[in-house]
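Worksheet for the structure shown next.
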């Protein structure tokens, strides 16, 4: 029976399958992508932690003593220890060069540093017994060209490092990749990796151990180990779990994504329900006849549930296939090379959730209708559908819609996130309930607007008004789908705007000179002397434990910001904060860290300095700070204070903020030191691109909802035209020409599409207003933006689909003989 | 009234009341209708449009629950059954023929005929071969064999109605209910259809209740019940001894009696 029905009307089940497939694909692709990003983040975190369960960092400048290391190694539950040994030296290529870079020599043990394996971009690791081989990190290799090399250092080149016996020559045998090796534990990114034998001989003087990595025995956690470390070493060291505080990718956007995906599923369920309702209406008499022939309610119910079950299964299968393909494409776009992607199917949980969505869409949208159809008495089913359905919407729908809209608009005045979310939901609901009530009036108004098609449009409007319930279903679903798409696009634009706004606040001037390795301050002075360059400000990046948490720091010149602007303070007085940064142990923290760790203005945070632990006061909170490289932002310190408190760690600079004159002369001068001049506009564009990647998923939701809207239009138009065949036949019998009949069908399609689109755009805009405020968080302040291009594109896509979907059946209907059309039922 | 009716009635309708509340004021279409239909008896119900004859037929078939009163078919009170049992009873014991919309358009003629057999529960469902044989026999007896694989849209009105009769007979029901079965057909085709119904019912001892407003069609029945404003107002027993095989029955006396009633 099912096969016969489907063979007779193949488009309807196919459209329903497509709707479910779209929903399932969306959820699966979203899940696979998020799983991929999570794994990527896990992998980065694991790489940063290496084999270390717990990092024990010295709080005193001298580092950990041999006795302290011995006590740490002797702690119960410790399986292995790996101390990080390092010292600062001067590195240069040409022995006669006056410029030398401060490099950190780090001792390699077992192919890594502090249990973090060193990954090489080229070459090999130095042999452990070698006395003249080293490996350098990528940034250092580039920066060293400023010290007499003709270009970046390559494998086989020589480098001179200050040793106990003077500048000795070492052969570079490997170049480390950025972020590998000791990046997670090292206190510097300008590393030169030496062998244990070299450490014991030429570099032994002054080698310090700022950190030791501990690997716990199986079953023992970092927290238990940390307790033992604190008890054994006391204030001389702090223990940091390197696996803690992993940032969830797209953390800000996840709730929004969940909301939009839920809406897209509801839209899909609505569109699917529309399709099922129309399909049941078409087969109303068949169902009546089945009941008349003796089929019980249960038999009809089983038949219809079987049908939606097959549709759900087919839609889910297609959706899983599509979702996997989409995820593969997205992953190819998102995931960096060399990092593990998600499993091709996204994992059992993702698959189950996607299947649940497919079944859920059917359960929400179709099952109630099927149960109702199966329960219909045989005689009622045999009666004409028109006589059985109410023609006018009940008056309470208008009241309910008005009430919901009023609540939604009133919620805009609130600052509560939950009230704003409820308001957004109420506005969406008011759209679903209210738009259909306004449709007939709107259609009549449109009919009066155009003289040239007035008759056709009037007829079409009357048709739509007469088929009240079906028009309600279509316009409601269509407008909701468009609203979700417009709201998603608006939020994408808002997120993009919020994403690049921080750029302007970080760089007071028009450019920044970036260095792959830490440069001596002498270089900054030379660059500032380049013709046309205004004031410059050095920025030095480093990692440190603040109040027991490993965070990124940026030491800045507060004076430059005082004189040239930049840095938007959300808490604390800007002038006071910048002055304090320059004169006292004080910190300015970014909003994201303040929110994550509960840091507030005036808090005293313990900071490990060269003289031991000392307190630093939080003197301000800024909306954004420099990226720390771990997905979060940096804590700001004044350079002078940082150098005083932290010694060589804060010496030199990594970036040079240029307050004016960032032109080609400066670019050329910077290139001479292996550095690069980047204009602020370029930074802004990069930020835009990065945010665009992150919010790409939102766009995917928007596209899928528009697709669902298009399917809704096609479904309804096909059934409308089929069921309007008799009416059209009657109209033609009394003198309506074929051409005008086609025009009526076209006008009906356009009216449906136009009304749904206009209402959807208006509704989506209204919904986006509270939602923009709902997604705002610490350091993420999107502002409402109307997505003109997206709205226009969605509108055009839906109108074009309506015209195309109406064209073929209208030709067929008007090509049918009048007698056949009149007899059609 | 025939002697068969008097012996063991197949259908017993007692004090049937039905009011529709769709319009205002509510419309009372059946006002205490009582009747019996004997085994193998052919009863026609006549009356003007809106007198309640179709509603009476629907109530006898268990399609329209009455507000008051009972309908018993073969000793079973239909409206006391739940949906499952009522559906099974309708499927196995009652055959319906309507004026239009009788066939499922996506099924072939043979499949439409086989529907009541295929809808039976697993325990009582005949095998595929048995179904095919039954369908084939019915199609032969109704001269439909050439339509086996054709859909309803490919057949004429008369052929569609013959397929509907075959479907009504497929489960070998004890009662056939026909609502204006010739309403959409020309006189010649209508006569052919009525001749088939009366022949098949009489030869196999089935009872038939036919609703019509055409006296020439009602003349095929053994007994004609006349309805007016929801009540039975007259009963006319017809004598078929003068009828000629294969020709329409004599309708003159019935038409004259109806004229007397001024319906």
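Checked against (1) in the same structural domain as residue A:516 (by TED's automatic domain parsing); (2) within 30 Å of residue A:104 (Cα to Cα), residue A:669 passes all but a single condition, namely (1).
Pairs linking a residue in the stretch A:140-165 that is within 16 Å of residue A:194 (Cβ to Cβ) to a residue that is surrounded by 21 or more Cβ atoms within 10 Å (Cβ to Cβ) and at pLDDT below 80, with Cβ atoms under 6 Å and 6 or more positions apart or on different chains, are A:140/A:190; A:140/A:517. Exactly one residue out of A:496, A:527, A:478 is in contact with a helix residue (DSSP H, G or I) (Cβ under 6 Å, 6 or more places away or on another chain), outside the structural domain of residue A:749 (by TED's automatic domain parsing) and either more than 17 Å from residue A:581 (Cβ to Cβ) or buried (at least 24 other Cβ atoms within 10 Å of the Cβ) (or both): that is A:527. Of the residues making up the stretch A:348-371, none is modelled with pLDDT of 80 or more, buried (at least 16 other Cβ atoms within 10 Å of the Cβ), within 14 Å of another protein chain (Cβ to nearest Cβ) and assigned to a loop (DSSP other than H, G, I, E, B). Taking the criterion of being touching a residue at least 40 places away in the same chain (Cβ under 8 Å) and either more than 9 Å from chain A (Cβ to nearest Cβ) or at positive phi (or both), the residues of the stretch B:110-121 that qualify are B:113, B:114, B:117.
Regarding residue A:23, is this residue in a loop (DSSP other than H, G, I, E, B), modelled with pLDDT of 80 or more and within 41 Å of the chain's Cα centre (by Cα)? So residue A:23 fails the test. In the stretch A:599-616, the residue that is surrounded by the most Cβ atoms within 10 Å (Cβ to Cβ) out of those that are within 19 Å of residue A:552 (Cβ to Cβ) and modelled with pLDDT of 90 or more is A:616.
Return yes or no: is residue B:42 modelled with pLDDT under 90 and either touching a strand residue (DSSP E or B) at 6+ places or on another chain (Cβ under 8 Å) or away from chain A (no Cβ under 13 Å) (or both)? Before you say what the answer is, go through the steps one by one.
Working: modelled with pLDDT under 90: no; either touching a strand residue (DSSP E or B) at 6+ places or on another chain (Cβ under 8 Å) or away from chain A (no Cβ under 13 Å) (or both): yes.
Criteria not met by residue B:42.
Just to be sure before I move on: is residue B:196 assigned to a helix (DSSP H, G or I), in contact (Cβ under 8 Å) with a residue 40 or more places away in the chain and within 25 Å of residue B:38 (Cβ to Cβ) in the structure I sent?
It is true that residue B:196 is assigned to a helix (DSSP H, G or I), in contact (Cβ under 8 Å) with a residue 40 or more places away in the chain and within 25 Å of residue B:38 (Cβ to Cβ).
Here residue A:138 passes the criteria (1) touching a strand residue (DSSP E or B) at 6+ places or on another chain (Cβ under 9 Å); (2) loosely packed, with under 15 Cβ neighbours inside 10 Å except the one numbered (2).
Going by the structure shown, is residue B:165 in contact (Cβ under 8 Å) with a residue 40 or more places away in the chain, within 14 Å of another protein chain (Cβ to nearest Cβ) and either out of contact with any strand residue (DSSP E or B) (no Cβ under 7 Å at 6 or more places or on another chain) or not in a helix (DSSP H, G or I) (or both)? Criteria not met by residue B:165.
Scanning the stretch A:583-593 for residues that are crowded, with 16+ Cβ neighbours inside 10 Å and either modelled with pLDDT of 90 or more or outside the structural domain of residue A:552 (by TED's automatic domain parsing) (or both) returns A:585, A:586, A:587, A:588, A:589, A:590. Of all residues in the stretch B:67-90, one or more are under 18 Å from residue A:377 (Cα atoms), away from every other protein chain (no Cβ under 14 Å) and either surrounded by fewer than 19 Cβ atoms within 10 Å (Cβ to Cβ) or under 13 Å from the mean Cα position of the chain (by Cα) (or both).
Taking residue A:283 as the residue in question, decide whether it is over 19 Å from residue A:481 (Cα atoms), at pLDDT 85 or above and within 14 Å of chain B (Cβ to nearest Cβ). Step through it out loud before you land on a result.
Numbers: over 19 Å from residue A:481 (Cα atoms): yes; at pLDDT 85 or above: no; within 14 Å of chain B (Cβ to nearest Cβ): yes.
It is false that residue A:283 is over 19 Å from residue A:481 (Cα atoms), at pLDDT 85 or above and within 14 Å of chain B (Cβ to nearest Cβ).
Considering B:130, B:178, B:171, the condition of being within 12 Å of chain A (Cβ to nearest Cβ) and either at pLDDT 85 or above or under 14 Å from the mean Cα position of the chain (by Cα) (or both) is satisfied by B:171 alone.
Identify the residue in the stretch A:45-59 that is more than 15 Å from residue A:229 (Cα to Cα) and crowded, with 19+ Cβ neighbours inside 10 Å and, among all such residues, is modelled with the lowest pLDDT.
First pass over the stretch A:45-59, keeping only residues more than 15 Å from residue A:229 (Cα to Cα): A:45-51.
This time we only want the ones that are crowded, with 19+ Cβ neighbours inside 10 Å, so: A:48-50.
On the way: A:48: 72, A:49: 77, A:50: 80.
The selected residue is A:48.
Output yes when any residue across the stretch A:61-84 is assigned to a loop (DSSP other than H, G, I, E, B), over 30 Å from residue A:124 (Cα atoms) and out of contact with any helix residue (DSSP H, G or I) (no Cβ under 9 Å at 6 or more places or on another chain), and no when none is. Within the stretch A:61-84, one or more residues are assigned to a loop (DSSP other than H, G, I, E, B), over 30 Å from residue A:124 (Cα atoms) and out of contact with any helix residue (DSSP H, G or I) (no Cβ under 9 Å at 6 or more places or on another chain). Could you tell me whether the stretch B:96-109 includes any residue that is modelled with pLDDT under 90, assigned to a strand (DSSP E or B), more than 9 Å from chain A (Cβ to nearest Cβ) and crowded, with 16+ Cβ neighbours inside 10 Å? Yes, because at least one residue in the stretch B:96-109 is modelled with pLDDT under 90, assigned to a strand (DSSP E or B), more than 9 Å from chain A (Cβ to nearest Cβ) and crowded, with 16+ Cβ neighbours inside 10 Å.
The values are calculated or read from the model by the stated rules, or taken from the named source; none is laboratory data. It should be emphasised that the depicted structure is a prediction, and the values quoted were computed from it without experimental measurement. Neighbour counts run over all protein chains shown; Cβ positions are idealised from the backbone, glycine included.
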